[in-house]
Each structure stands twice: as C-alpha cells, then as structure tokens.
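Structure first, then comments.
The values are calculated or read from the model by the stated rules, or taken from the named source; none is laboratory data. As the structure is a computational prediction, the values presented were derived from the model and not from experiment. Ideal geometry is used to build each Cβ from the backbone, glycine not excepted, and the neighbour counts take in all protein chains shown.
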Amino acid sequence: MVDHVVVVGAGPTGLLLATELRLAGVPVTVVERAVERSPHSKALTLHPRTLEVLALRGIADRFTAEGTALPVGHFGGLPTRLDFSVLDTRFPYTLVLPQLRTEQLLEERLKELAGEILWGHRVLGVRQDADGAEVEVAGPDGTGTLRAAWVVGCDGAGSTVRSSAGIDFPGTPATLTGFLGDVVLDAPPRPDLPSYDNAEGGIMIVGLEGGYHRLVGSTRNASAVPASQPLTLEELRTAVREVAGTDFGMRAPRWLSRFGNAARQAARYREGRVLLAGDAAHMHMPFGGQGLNVGVQDAFNLGWKLASVCHGRAPATLLDSYHDERHPVGAALLENTRAQTAIGASYGSDIRALRTVFSGILADHPDVNRRLAGQISALDVAYPDPGGAPLVGERAPDVGLDGAPEPSLHPLLADGRFVLLELMDTGVGADAVAAVTGLAGGGDRIRSVTARPTTGHRGWDGLATVLVRPDGHIAWARRTVDA
C-alpha cells in the first residue's frame, strides 16, 4: 500500500508538490483554507530555473504561451538590469505571468493527474506519531481529522503546520515596509520594466493585463507605516509622485497592499512526519521576485524523494537530504534579499552613491552581472556531493542528444524517473548503475538512453555515463567504464 500525503496550502508550492506526488502514483490531498482562489497575484514572474522545472515535466509550454518574456531581471531595483539572455538555458528570460494564472495552470495539471483540493478547509493543528500524522481541519461541514503518513506545510509564513510541529522560525522582524498597487494608468511610462528612484525612494512599474499596471516600491515617508495599515490610493499617488514626479494618471485600483522586510527561515525543514516548503520555510522582502520561484523549486526537490519513500523504495532518511540541500538555498535567499533591501529600500545621499557605483559595476563587468543573474534565476543552485565527486549535485543542462528518443535531455525526464545517459559504448546498464549508486528499486526506476551530446557543456567533455535525478540534478557521473 502506498503512503498517503496531505499537502497544506494550494499556492504554487503546494500545487507543484501535489502534481509531483500524483505523477508518481502517490495518494495526495491538498487542503486550502480559502474557499476559492484569490484574484490578486502577489507574484508576477517565473524565473529561468522554474521554467526549466516545468519543462522537465513537459508543461512549460502552457506557461510560456501566455506569459511575456523579458530578457532581464534586477538587483535591488538598480538601473542596470541583470542580463538573463546570456544564461545557459532554454529559457534565458523572466516570464511575466500573474501568480493567479500560474496557480490555475498548475491546478489544471493536478486535475489531469486526479489530484484533490479541499477548498475552505482550515488546518487547526497537526499531531504525529511513529506511523503517521493526524491533521485536524475545520471545513464547511464541521471539524474532522485527516490521517496521512506525511504532512507537508506549504501554508505560508504564518504556517500552522510549522507551529504545530514545534519548528522554530528565527530571523529578523520588519523594520520598514513597501507598497504595491494594481491600478489603471492613463499616462503609463515606457513598457520595458521602467523604474524611478531619487533620494525619497524608488518604484518599479510592470504592465498587466486589461490596461492595469503594478506599481511597487518604497519611500522614505511610506516605509515607516506598518504593513497592517491599509494602503489608500491617495497614499500611493503621493508616494509615486515623490519619486517619479507624476502619478501617471493612476485610477481604478483593484488591489492596494503593503509588505514588510521581515526575514525568517525555519530551523529545520523536516520534523518527523512533517515537512515544510515555500513561504512556510522562508520569508523575506520580495525583492527580485524570488519567493514563488524558490518555493516551487523546494517542492521539486522534495517531490520525487517523498514519492520514493511513500512507495517504500527509499528509507525515510532520504527526506533528510531535502533539508540538507534546500536549507542552504533558503539561507542564501535571505542573504540576497537582505542585500537588495539595503541597496534598494534605504535612502539618503550615501545610498544613492552606492547605487550609482554598483549599477556601474553591473554595466561594466559582465561577469559580475552574470553572477547575480545566476543567483536571481536560481540557475546557479547545486547540491555538492559530500564526498566531493565532480559534477554530482550540479544542475544538468538541457544538453542536445543525438540518437535519443527526444532531441534533448529535459523531455526524457517527463515521467519523473531517473535518466541514465550512456554517452559512450560502455555497456553499463541501468541495473548496474542502480547497484553502484545504491538506488532503491533498482533499474526499474531508471530510464536508460544511449545517445551522443550534440553540444558542449562545461565539465561534460569525456563523460561516458551520467545519471540524472528526477529533479534534473546529476546523481552520478563517470568518465570511463571503471572510473
């Protein structure tokens, strides 16, 4: 019998995790406190690595068909943009796509895989024992209990799952706030991700559907207002005028909100039968649009591991590697967004001088620009092998393949299995690699492909055999048959 999983939260992180589990044949129930999906989109962008994640399951085209590709990102709102076009990926751009539509597309995918969402069910608490966990929920028909082998909290920064499991959430409280407004602009600026800054603050403007624009930023005067205090159109108008000298003819607000710079990270991502992902595991100032993306990438790392455990193909200790691999990524995220907050939401002549110098460095030194682009896009994320094996843990590029049933690597991973690339006539088969690597379940969990790379990639010259994990990272590699 396959273990059952309860995923708490039907945002992008919870939905992606649920699709991964259902793809592997794991029974999963998604519990969501809201009675319906919010019409407001906190996030607006999908980054290159997130698009690769979707491509690894064959669904990226659903998203790229609707979003708008921008070949740039930003660091702290600096005038010099990060150049995503030079990155080694099939998706060298930021995809502007409102979170609402991202969630709808993921929910459609979950329905295709016969997944279930319980809307209007609020989790009251989680109790666990040696054999599983009980999730107490309050729904339209009263209070009840769901029994599962595993519970994953994807329920945001105020996670009930996290607090029920007794997992600490250390960090720093909010010391300043920013503002966000989705409004109609009668006199909008140029469409290529414009930004404005002066000694009073900074704003960025993103075009949305239906004639709306999102204005997001922070000013000296507005930053002291608590996030709990509602934002008014007049406040937004005043703040934007202070920075841009005009309000662009704003009217007809459909969403006004504030956000703070609190930065916290769960002390551990697993406590017994309970795991955390997304905002339940890390919260931060939303600079760089990284929150949704890192959450989805958390889920992608966890999904195949939890499915393996649920099927009895791997010991529960495999789930400890989820914390070991993703906790450092979350810590780097907090460091990155704190740095962006310091340079992008602070004021005065000293900060303006720093912004000018740093923006010039990004313009004049492509290697620095590319390094930050790798951080923001998450293409630089790797999970180094504790034993120091070369390439192991690195992200596998979408290498072109000659002689394979698909023209490149990503489509070969669509069913969520490991992929063994036999790049030379080594005679090493899936069963032998499974034995060498200790892969529980043996060769049946591996799709073996004999092919030749059609393009060169760093570190791949001379490779004979490469085993790629279901999440697109390298599990094992050899340059010769017996190396």
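Pairing residues of the stretch 80-97 that are in the same structural domain as residue 344 (by TED's automatic domain parsing) with residues that are basic (Lys, Arg), at Cβ distances under 8 Å and at least 6 apart in sequence or on separate chains, gives 83/370; 86/370; 87/370; 89/49. Listed here are the strands (runs of 3 or more DSSP E) enclosed by the stretch 98-180 that have at least 2 residues being aliphatic (A, V, I, L, M), in contact with a helix residue (DSSP H, G or I) (Cβ under 9 Å, 6 or more places away or on another chain) and under 20 Å from residue 303 (Cβ atoms): 150-153. The condition (being among the acidic types (Asp, Glu), exposed (fewer than 14 other Cβ atoms within 10 Å of the Cβ) and in the same structural domain as residue 31 (by TED's automatic domain parsing)) is satisfied by just one residue among 107, 136, 112, 103: 112. Out of all the residues in the stretch 159-182, which are loosely packed, with under 15 Cβ neighbours inside 10 Å and over 30 Å from residue 221 (Cβ atoms)? 166, 168, 170, listed by residue number. So if I check each of 72, 161, 123, which one is in contact with an Asp or Glu (Cβ under 8 Å, 6 or more places away or on another chain), modelled with pLDDT under 95 and within 28 Å of residue 285 (Cβ to Cβ)? The match here is 72.
The rows are residues; the columns are (1) of a type outside the set (Ser, Thr, Tyr); (2) touching a Gly at 6+ places or on another chain (Cβ under 9 Å); (3) crowded, with 20+ Cβ neighbours inside 10 Å.
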| residue | (1), (2), (3) |
| --- | --- |
| 282 | yes, yes, yes |
| 285 | yes, yes, yes |
| 294 | yes, yes, yes |
| 302 | yes, no, yes |
| 307 | yes, yes, yes |
| 343 | yes, yes, no |
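Within the stretch 216-253, restricting attention to residues that are more than 26 Å from the chain's Cα centre (by Cα) and part of a strand (DSSP E or B), the residue that is surrounded by the most Cβ atoms within 10 Å (Cβ to Cβ) is 219. Determine whether the stretch 427-437 contains at least one residue that is out of contact with any strand residue (DSSP E or B) (no Cβ under 9 Å at 6 or more places or on another chain), at pLDDT 85 or above, closer than 30 Å to residue 312 by Cβ and surrounded by 14 or more Cβ atoms within 10 Å (Cβ to Cβ). Checking the stretch 427-437: not a single residue is out of contact with any strand residue (DSSP E or B) (no Cβ under 9 Å at 6 or more places or on another chain), at pLDDT 85 or above, closer than 30 Å to residue 312 by Cβ and surrounded by 14 or more Cβ atoms within 10 Å (Cβ to Cβ).
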